[in-house]
Amino acid sequence: MRNVLALILAGGHGKRLGILTEKIAKPAVPFGGKYRLIDFTLSNCVNSGIYQVGVLTQYRPHLLNNHINIGRPWDLDRKKGGVTILPPYLGGVSGWYKGTANAVYQNIEYIESYNPDFVIILSGDHVYAMDYNDIIDFHILKGADGTIACIEVPIEEANRFGIMITNLEHKIVDFEEKPAQPRSNLASLGIYVFNWRFLKEYLIEDEADQSSTHDFGHDVIPKMIKDNRKIYAYRFSGYWRDVGTIKSYWESNLELTRPIPPLNLYDRHWRFYTQTEEMPPAYCASSSRIVNSIISEGCEIHGIVENSVIFQGVYIGENTVVKNSVIMTGTCIERDCLISDTIVAERVTIQERVTIGKGEPAPSRLDEEVYTDHISVIGMYSKIPAGVIIGKNCVIGIGVTERDFELSNIESGGYVLHRE
Amino acid sequence: MRILGLILAGGHSESLRSLVAKRASAALPVFGKYRAIDFTLSNMVNAGIRKVGVLTQYNPRSLMDHLGSGKEWDLDRKNGGLFILQPYVSQEGSYWYKGTADAIFQNMTLLRRGEEDYILIGSGDHIYKIDFSRVFDFHLSNDADITLLVKELDDTYNLSQYGIVELSGNRITNIEEKPQKPKTNIGFLGIYFMNKYLLMELLYNYVTKGETDLLSIVTSQLDRLRVCGYLFNGYWRNVKKGIDEYFRINMDGLKKEVREELFYKYGKIYTKLKDLPPPKIGSTAIVKNSILSDGCIVNGTVENSILFRGVYVKAGATIVNSVIMQDTVIEEGAIVKNAVLDKEVLIRQESRLVGRDSIAILEKRAVL
């Protein structure tokens, strides 16, 4: 039996998700009606038979810690192995994690305690189903020092990724970060398998390098390739999403409502596990009309829902229309509202006659880097008073109350934030 | 106050026909994701009871599978937790439970060993939500020896199927089991609360003399002991009373006030997790006044129905006034009306199943 330890990098901020990650780490962002992003990676681990999992956290870890807890939903509450949360700590050379490689470096003692043959480095914010045994088998077969999971992207988009250039044996001979003239379309998925002894050597070397940013993608892996070590590319061809932006987050959620979704959540042999609140099944009233949507437990739907993902415990009132939207847990939308192309975060109250997603898109006046598309985002715990009209690409911040609304008409690109 | 919970879950009823062919009535699926026993078990746990014994006898496999280690109810504990009490064979012989009192008597060890002072006895067949702490307070403030839960039963209950009590104030003066001519409309709900040592004394006294039914023993004590009736006025139904009652209970789940009471008052109802994705409603679907559970895919028409977990309704299929249990598949163009479909049933394309005068039933894994 090979000894594999999985390390999930879950400390990232996910800045490009704007107010969705203002209070929670990106891996804790809700997805697909009942899950949080990290559920996919954790479930892949246990479905692949890996029951030794370290989760490296740093940015706003409370909700994530609470979600993972002792790992019970994933059967990771074990006497031997199981899940261990690895926050930054003081003592010796430690401190805040300076980069992905440094985060792993700081946990060398933890890793050594398992004395693994292989370490698989994963990201806590990707949505995909992957049997890690396949990449580990490939790694062993190639006699590799390290193996990087890659996916073929359209060549015209290759300039957005870290691109691997391989020889006929799949050995990586060169690496280019976001190249203007890509020589290949093999993009790294941020999933790495290493022989532990080999990785440890490089981590120690990288730590001593003053010029390094201590990041796997930027520093450690390019160095390994430059040293002509045996680093191979494993081609993955299944569904994989890095829901790094508001738009990709919104799209990947709505993809699940397609007749045959690209990610099969219904595969009984590859289940995705999560920690959720116990709730009764969903109720769809006589007045409801629901098409192409996901409606989760605890929901009560009286209105019209089209092409949307509705999380647990959501109430949608009579004569309200919700279209092309993602509505998270515990949100209440009263009657006669029209919500389209919107992400509504957890436990929001939208009073009657509110319209969101009206008019033509306009550039965001809050942050043009983050809010790039037409999608409006409503932050958690906010309250939108009756009759308010909100345009496209608008932002309503976290915990906004009725008093924060100076106008009853927020034009496209506008925003309302909570004032203390 | 330390309380031991006991749940009688060994029952069987011919009137439930094929629905109980392979399961105890306490394991009957209700409201899309629950089993009948979840209600009593969750009520007990919500009232702070940390040790619960479940007495099983009739085909317990699905019940045992459902309860597991008791983890969903936080009953997987070092101290206390869940105890499954089955009839057993020993050197003295083997004894099936001959009645409620006999069943508890045969498990006297659990009563003797525990440090609990009180015992709460319920049934796995009852669907209700209660704050038991009020019953405990009632018991103490009435200085009762035994408290029985009772309820005014309206004309939707067949009184001759229940134990009917007469009350004088809070005190029960008479109990008649399944009377032909009931003197009142106050029915006993099958829930007892009393001092554990009193129960042990009664059992030692009467079971050894051949009395095997707990209610009969309590009835014989009405003059000697202070037996009080706690009048419960919430929703309470018994799945064991037949197909029509089982069907009615499920349909009650479509009523807002019933859902509010059962699922949102006095804590939650816990059940076994299945780790299925949320239900998905397709572009050709029409869903009206229905309950959908995790893992469902609906592309057809569903009206006034309860869909359990993993049900697949294909495009052009129609389901009306029906209870569809876990992993059942209804293919294109099929019509199901006024029916209860057990688990893993397959209704083939263009088939029709319509209950006319009574509810149509298909047993587990049936193919139509």
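Considering only the stretch A:345-379, state which residues are among the β-branched types (Val, Ile, Thr), in contact with a helix residue (DSSP H, G or I) (Cβ under 9 Å, 6 or more places away or on another chain), assigned to a loop (DSSP other than H, G, I, E, B) and open to solvent by less than 70 Å² (accessible area, probe 1.4 Å).
A:370, A:375
Which is in contact with a helix residue (DSSP H, G or I) (Cβ under 9 Å, 6 or more places away or on another chain) and within 24 Å of residue B:294 (Cα to Cα), of B:120, B:55, B:67, B:111?
Just one listed residue meets the conditions, B:67.
Looking at the stretch A:74-84, can you tell me whether even one residue there is in contact with a Lys or Arg (Cβ under 9 Å, 6 or more places away or on another chain) and at positive phi?
Checked the stretch A:74-84: no residue is in contact with a Lys or Arg (Cβ under 9 Å, 6 or more places away or on another chain) and at positive phi.
What helices (runs of 4 or more DSSP H) lie completely within the stretch A:82-148 and have 1 or more residues being surrounded by fewer than 23 Cβ atoms within 10 Å (Cβ to Cβ)?
Values: elements: A:100-105, A:108-114, A:132-141.
The helices (runs of 4 or more DSSP H) meeting that bar are A:108-114, A:132-141.
Can you tell me which residues in the stretch B:14-46 are part of a loop (DSSP other than H, G, I, E, B) and crowded, with 21+ Cβ neighbours inside 10 Å?
Residues satisfying the conditions are B:23, B:24, B:28, B:31, B:32, B:33, B:36.
Mind checking which residues of the stretch A:289-307 are facing chain B (nearest Cβ under 10 Å), assigned to a loop (DSSP other than H, G, I, E, B) and either under 22 Å from residue B:310 (Cβ atoms) or out of contact with any helix residue (DSSP H, G or I) (no Cβ under 9 Å at 6 or more places or on another chain) (or both)?
A:292, A:296, A:297, A:298, A:299, listed by residue number.
From the list A:190, A:217, pick out the single residue that is among the small types (Gly, Ala, Ser), touching a strand residue (DSSP E or B) at 6+ places or on another chain (Cβ under 8 Å), closer than 30 Å to residue A:249 by Cβ and assigned to a helix (DSSP H, G or I).
A:217
Would you mention how many residues in the stretch B:225-242 are surrounded by 18 or more Cβ atoms within 10 Å (Cβ to Cβ) and more than 14 Å from the chain's Cα centre (by Cα)?
Count: 4.
Tell me which of these residue A:387 doesn't satisfy, since it passes every other one: (1) open to solvent by less than 20 Å² (accessible area, probe 1.4 Å); (2) in contact (Cβ under 8 Å) with a residue 24 or more places away in the chain.
Only one criterion is unmet by residue A:387, namely (1).
If you check residue B:291 against the conditions, is it in contact with a strand residue (DSSP E or B) (Cβ under 6 Å, 6 or more places away or on another chain), facing chain A (nearest Cβ under 7 Å) and closer than 18 Å to residue B:314 by Cα? Step through it out loud before you land on a result.
Values: in contact with a strand residue (DSSP E or B) (Cβ under 6 Å, 6 or more places away or on another chain): yes; facing chain A (nearest Cβ under 7 Å): yes; closer than 18 Å to residue B:314 by Cα: yes.
When the stated conditions are applied, residue B:291 passes them.
Can you name the number of the only condition in (1) aromatic (Phe, Trp, Tyr); (2) within 14 Å of chain A (Cβ to nearest Cβ); (3) not in a loop (DSSP other than H, G, I, E, B) that residue B:246 fails?
(2) is the only condition that residue B:246 fails.
Taking interchain pairs and intrachain pairs at least six residues apart, which have beta carbon atoms under 9 angstrom, with the first residue in the stretch A:265-277 and facing chain B (nearest Cβ under 7 Å) and open to solvent by less than 60 Å² (accessible area, probe 1.4 Å) and the second part of a loop (DSSP other than H, G, I, E, B) and of a type in the set (Phe, Trp, Tyr)?
If the second residue must be part of a loop (DSSP other than H, G, I, E, B) and of a type in the set (Phe, Trp, Tyr), the pairs left are A:265/A:272.
Which condition does residue A:43 not pass, out of (1) in a strand (DSSP E or B); (2) within 14 Å of chain B (Cβ to nearest Cβ); (3) polar (S, T, N, Q), if it passes all the others?
It fails just one condition, (1).
The values are calculated or read from the model by the stated rules, or taken from the named source; none is laboratory data. The structure presented is a predicted model; accordingly, all values stated were derived computationally and were not measured. FYI the Cβ positions are ideal-geometry reconstructions off the backbone, even for glycines, and counts take in every protein chain you see. Ligands, DNA and RNA are excluded from the accessible area calculation, which covers all protein heavy atoms including side chains. Shrake-Rupley method; radii C 1.70, N 1.55, O 1.52, S 1.80 Å.
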